[in-house]
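Engineer: Below is a structure I'd like to ask you about.
Where a number appears in this text, it was derived from the coordinates with a stated rule and is not lab data. Fair warning: this is a prediction, and the values are worked out from it, not measured in the lab. Note: ideal-geometry Cβ built from the backbone for every residue, glycine included; neighbour counts use all protein chains shown.
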Amino acid sequence: MSVRKIDLVVIRSGERHLELCPSICGKALPFRASLLVFYAAVPPVRERAAWPQSTDRVFKDRRPSCKPSLAQLIEYCLWTETLDTNQRKTRSMKKIFFAAIVGILFINSAMAQTVAEPNPADVSTLDGIMKAVYDVISGDAGKPRDWDRFRTLFYKDARLIPTGVNPQTKEIRATSLAPEDYIKRVEPFFAKEGFFEREKARRVEQFGHITHVFSTYESFHSLSDKQPFARGINSFQLFNDGKRWWVVTIYWQQETPEFQIPKEYLKTKT
């Protein structure tokens, strides 16, 4: 850029500042810089990467030997415009990010407000919530389950934990699932297979607001089946907050030839 073709045009003056706008051939460039009138000092060109963002800080050095040349003033103006442009981009990105966060929070809030109200019959008694759990997951192949009803039964951060043996590695393990994880896991199976689970026997231990239920179950593909295709024990941890019952955990193991259900767990004891 030729210095002979550049002028500094005074746009606005004040007691201590001049606002200057560089121009080429009489046409103002789209950037401005605010400079101190007396002893204006601009760092050498080689130091411009370290120029501070505030022009007041730039011109604290008022030594006569530091007075800038016209070329330095222009370079400072160019650098200021670059800085301002980057700052505007940063501010724009911050606004977009903030808007996205607000949008996500709004959606989550709306979803939270649309959670179905529980059926009082499902949650007002221990027997009611046990029957509701078995009933809501049962149905013919392809029949949609009432997952909204299912969700109303579980306390915040509740878990469903199946246990078993990995057929490939033979490792015995437990898998912790949130209610939503359980829904995703069983929906493909329910779409193809009928599944009805019934409680055969129950043993209850209770203290204060907490209750543990050992619930022996039987699983059928159809209500017309005479024999279950699977049996096991569901270990329920329940919580009563004084207003209703909640499922905190369902932790289960299926019966295998190695682990047969003991006879005492085939009869109900409360």
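Engineer: Which pairs break 19 Å Cα to Cα here: 131/267; 131/192; 243/267; 156/269?
Structural biologist: From 131/267; 131/192; 243/267; 156/269, over 19 Å: 131/192; 243/267; 156/269.
Engineer: Another one. Can you tell me the relative contact order of region 120-266? Whole percent, Cα pairs under 8 Å, sequence separation 6 or more.
Structural biologist: It rounds to 24 percent for region 120-266.
Engineer: Provide the net charge surrounding residue 165, with neighbours chosen by a C-beta distance below 12 Å and charges set as Lys +1, Arg +1, Asp -1, Glu -1.
Structural biologist: Once all neighbours under 12 Å are counted, the net charge is 0.
Engineer: So, by mean Cβ neighbours within 10 angstrom, what's the order for 213-222, 174-183 with the highest one leading?
Structural biologist: 213-222, 174-183
Engineer: Which whole-number value in Å³ per residue fits the convex hull of the alpha carbons of region 120-266?
Structural biologist: 126
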